[in-house]
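Enquirer: After the structure tokens below, expect a handful of questions from me.
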Amino acid sequence: MEIAASIGRLTLYRIQVLGRSGIFIFSAIVQAFLPPFRISRLIKEIDFIGSKSFLIIFVTALFTGMVLGIQGYYSLSQFGAEAALGIMVALSIIRELGPVLCALMVTGRAGSAITAELGIMKITDQFPALEMMAIDPLKYVVSPKIIAGIISLPLLTAFFDLIGITGGYLVGVNLLGVNEGAYIGKLVAAVTFKDVYGGIIKSLCFGLIITWIATFTGYTAEATTEGVSRATTNTVVLTSLSILIVDYILTSLLL
Amino acid sequence: MIRVENLVKQYGGITASNHLNCRFEKGKVTVILGGSGSGKSTLLRQLTGLEKPDEGSVYIDGRDLTTLSRKQLFDIRKKMGMLFQGSALFNYMNIFENIAFPLREHTKIADNIIKTIVTMKLEMVGLRGTEHLMPSQLSGGMMKRVGLARAVVMDPHVIFYDEPTSGLDPISTGVIGKLIKDLNKALNITSIVVSHDIESCFKIADNIILLYYGEIIAKGTVEEIRNSTDERVKQFIHGEPEGPIPFTRTAKNYLDEILYD
Ligand SMILES: Nc1ncnc2c1ncn2[C@@H]1O[C@H](COP(=O)(O)OP(=O)(O)O)[C@@H](O)[C@H]1O
Ligand SMILES: [Mg+2]
């Protein structure tokens, strides 16, 4: 009885939190499209989430592409199909690895930082301070981060795809001797609009998920140092899991 | 002027505001005094509209805060200033930008005039020359003074102070106290101070409201409070451990607890 009751309470609590986070994100997005518009805030956030992630995305993409080049070559050469290496690398990256790895890297780099930033603002009463200055904290702090996430992730993913495919090319063509024309030619012929479109849809969703979880977790963090450090960890775990689960759902819907 | 009528606020089983009635007059410094947990912050949050009471009303210049829309509330807040207990400066902005922030958000004042205004406010709190520093580079007392400069930058009609002197050294305490008093006189505004510090409270207050576990147990001028014959008031202002205000507030009898629990 006791156990059943506490499971029930916990479930109810979880549903409440989910509901509140839904209202939270809905208001933040609505607020983003109401004046006054603070373009400089948005640019600052895009710089933080997007521009500052370029290097880490570059390295991740390059090595992912290079590994795919080696692994793909090894598998394909068993059927004498090395010429298809370009297609294999490109499709794996554009459809799956680009959006997912990009999102995971941004979660680690920017998601945790966003939660920590909001948590610190909460500890130091900066949200009520904004309220008292007649500024909506949700609109001022949260909305630009959400919009910046939705804008940045597709761009970072496109960059990831480009570098990843180049990495595969470097290994396949320059190191393992796959025919250059075959790598590029087959790739261009085989990648369809639907593949690219699917990748973009995924990255848009991931951009929303990352900033949504990071801001909500920070905004509702317990206002103590332990509370904020716990919230930061929660953000990384929760976001990473959500990305993998949502990726599965989107893949099955988009195929 | 601010008038509070029959204000009630409960958290779970705790009554943090128990049918409060009081007024805060223009041109006067009113100190809300009480021990920790007596409901001072709760009252302040309701006065500023940061929190809605369960019952009762807060009238500011005749308008009931509790019935206003968010937009109307924001319009009133533009004429309010608040100094937070921890100063609540924006940690990613330097001192200049912190103080200029409300002006940049709510007015179209040109940059060179903003610079003049910020310089004047910093001069007022004695911190001219710190414009380019970040909040983390300042001491607690200095942060409070910057917070004060930011609170008055829009020329408010009401200023709220949450524990403005707690955690400060005696000199900073004196400086802040004098600033509160001088500002109030110079601008002829309504100043509302939350404090548990009796010493500095007597120095800056015109009127005092004494809270005790969610209820107002005394209100009046500094003289009236000082000369009060109420035992609870006497105990509080003299800081005596023994008296009608019990040191502990647990429900269980102490002996029962250690003997039978
Ligand atoms: N948000 C809240 N949730 C639950 N209880 C609260 C909350 N805020 C205040 N309280 C309770 O209300 C009482 C008054 O608190 P507060 O107004 O912070 O007192 P003070 O500022 O005088 O120390 C305390 O018992 C406190 O525990
Ligand atoms: Mg308090």
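Enquirer: Based on the mean of other Cβ atoms within 10 Å per residue, sort peptides B:6-14, B:38-46, A:128-136 so the most packed one is first.
Expert: Sorting B:6-14, B:38-46, A:128-136 by mean packing, highest first, produces B:38-46, A:128-136, B:6-14.
Enquirer: For the pair A:V237/A:E222, report the inter-label distance in nm, with labels modelled 7 Å from Cα in the Cβ direction.
Expert: Reported label-point gap for A:V237 and A:E222 is 1.4 nm.
Enquirer: Give me the inter-chain shielding for B:82-91: mean count of other chain Cβ atoms within 10 Å, whole number please. Before the final figure, lay out each step's value.
Expert: Values: counts 6, 2, 6, 2, 5, 4, 9, 4, 5, 5.
Partner-chain Cβ atoms within 10 Å, mean over residues of B:82-91: 5.
Enquirer: Could you do me a favour and compute the accessible area per residue for chain A, 1.4 Å probe, result in Å²?
Expert: Details: 12400 Å² over 255 residues.
For chain A, the per-residue accessible area is 49 Å².
Enquirer: Continuing with this model, one more query. Determine the relative contact order of chain B: mean sequence separation of Cα pairs under 8 Å and six or more apart, normalised by residue count, in whole percent.
Expert: 26 percent.
Enquirer: 222 nm [θ] for chain B, helices only, -39500 (n - 2.57) per DSSP H run of 4+, per residue, to 500?
Expert: Roughly -11000 deg cm²/dmol at 222 nm, from the helical runs in chain B.
Enquirer: Another question, then. Give me the summed buried accessible area for the A-B pair, 1.4 Å probe, to the nearest 100 Å².
Expert: Interface between A and B: roughly 1700 Å².
Enquirer: With +1 assigned to the C-beta of every Lys and Arg and -1 to the C-beta of every Asp and Glu, and no other charges, what is the dipole magnitude of the protein assembly as shown about the Cα centre in debye, to the nearest 20?
Expert: In total the dipole reaches around 1200 debye.
Enquirer: Checking the cross-link filter: which lysines have an alpha carbon closer than 17 Å to that of B:K178, excluding same-chain neighbours under 8 positions apart?
Expert: B:K28, B:K121, B:K144, B:K203
Enquirer: Please report the base-10 log of the normalised intensity I(q)/I(0) for region A:2-254, using a Debye sum with one equal scatterer per alpha carbon and no solvent, at each q in 0.08, 0.11 (1/Å).
Expert: Rounded to two decimals, the profile gives -0.39, -0.66.
Enquirer: Now a separate question. How do the peptides B:47-57, B:24-34 rank, highest first, by the average count of neighbouring beta carbon atoms within 10 Å per residue?
Expert: Packing proxy ranking, top to bottom: B:24-34, B:47-57.
Enquirer: Based on the Cα coordinates of region A:146-222, what is the per residue volume of their convex hull in Å³?
Expert: So the per-residue hull volume is 89 Å³.
Enquirer: Here is a follow-up. Could you give each residue of region A:4-9 its phi-based ³J(HN,Hα) in whole Hz, using Karplus coefficients 6.51, -1.76, 1.60 with θ = phi - 60°, and x for Gly or Pro?
Expert: Values per residue, Gly and Pro as x: 4, 4, 6, 5, x, 4 Hz.
Enquirer: Run down the aspartates and glutamates and flag those whose C-alpha is under 17 Å from the C-alpha of B:K79, throwing out any fewer than 8 positions away in its chain.
Expert: Here the aspartates and glutamates satisfying the reach criterion relative to B:K79 are A:E131, A:D136, B:E25, B:D61, B:D64, B:E105, B:D155.
Enquirer: Let me ask another. Once ligands and nucleic acids are excluded and a 1.4 Å probe is used, how much of B:H132 is accessible, expressed in Å² to the nearest 10?
Expert: Accessible area, nearest 10 Å²: 130 Å².
Enquirer: Other chains' Cβ within 10 Å of B:148-157 residues: what's the mean? Display every interim value, and only then the final one.
Expert: Details: counts 0, 0, 2, 3, 0, 1, 2, 0, 1, 0.
What the average comes to for B:148-157 is 1.
Enquirer: Looking at region B:95-143, which trypsin sites (Lys or Arg not before Pro) are DSSP coil and have at most 10 other C-beta atoms within 10 Å of their C-beta?
Expert: B:K108
Enquirer: Please give the Cα centre distance for region B:148-194 versus region B:75-120, rounded to the nearest Å.
Expert: Taking the Cα centre of region B:75-120 as reference, the centre of region B:148-194 is 16 Å away.
Enquirer: Turning to a different aspect of this structure: At a 1.4 Å probe radius, carbon and sulfur cover how many percent of the accessible area of region A:2-254?
Expert: Of the solvent-accessible surface of region A:2-254, carbon and sulfur hold 74 percent.
Enquirer: By how many degrees, 0 to 90 and rounded to 10, does the Cα axis of helix A:39-49 deviate from the longest principal axis of chain A?
Expert: Compared with the principal axis, the helix lies near 60 degrees.
Enquirer: Could you size up the charge dipole of region A:2-254 around its Cα centre, putting +1 on the beta carbon of Lys and Arg and -1 on that of Asp and Glu, and report it in debye to the nearest 20?
Expert: Working: 16 positive and 15 negative charges, 64 e Å.
Roughly 300 debye, rounded to the nearest 20.
Enquirer: Now for a different question. Which listed residue (B:I208, B:P156, B:P244) has the Cα farthest towards the positive end of the charge dipole for chain B, taking +1 on Lys and Arg C-beta and -1 on Asp and Glu C-beta about the Cα centre?
Expert: It is B:P156, whose Cα lies furthest towards the positive end.
Enquirer: Would you please give the residues with an amide H less than 5 Å from that of B:V193, counting only those at least 5 places away or on a separate chain, with H modeled from the backbone geometry?
Expert: Residues meeting the amide H criterion: B:T30, B:V31, B:I32, B:Y161.
Enquirer: Within 10 Å of each Cβ of A:117-129, how many other protein chain Cβ atoms are there on average?
Expert: For this peptide, the per-residue mean of nearby foreign Cβ atoms is 4.
Enquirer: For B:D64 and A:E96, what does the FRET efficiency come to when R0 = 60 Å and r is the distance between their Cβ atoms, rounded to the nearest 0.05?
Expert: Plugging the Cβ-Cβ distance into 1/(1 + (r/R0)^6) gives 0.55.
Enquirer: Using only Cα atoms and rounding to the nearest 10 degrees, what angle (0 to 90) does helix A:112-123 make with the longest principal axis of chain A?
Expert: That works out to roughly 10 degrees.
Enquirer: Additional query: Using 0.36 nm times the number of residues separating A:Y74 and A:L18, minus their current alpha carbon distance, what extension gain do you get?
Expert: 15.6 nm
Enquirer: Given Cα pairs under 8 Å that are at least 6 residues apart, what percent is the relative contact order of chain A?
Expert: Relative CO of chain A lands at 32 percent.
Enquirer: Ignoring ligands, DNA and RNA, how do B:V222, B:V175 rank by accessible area with a 1.4 Å probe, largest first?
Expert: B:V175, B:V222
Enquirer: Return one number: the angle in degrees, 0 to 90 and rounded to the nearest 10, between the long axis of the Cα atoms of helix B:140-151 and the longest principal axis of the Cα atoms of chain B.
Expert: 70 degrees
Enquirer: Next up: Sort out for me the Cα centre separation of region A:48-63 from region B:1-62, rounded to whole Å.
Expert: So the two Cα centres are separated by 52 Å.
The values are calculated or read from the model by the stated rules, or taken from the named source; none is laboratory data. Every value quoted in this text rests on a predicted model; they were computed, and no experiment measured them. Backbone-built Cβ (ideal geometry, glycine too); neighbour counts: all protein chains shown. All accessible areas refer to the heavy atoms of the entire protein, side chains included, with ligands and DNA or RNA removed. Shrake-Rupley method; radii C 1.70, N 1.55, O 1.52, S 1.80 Å.
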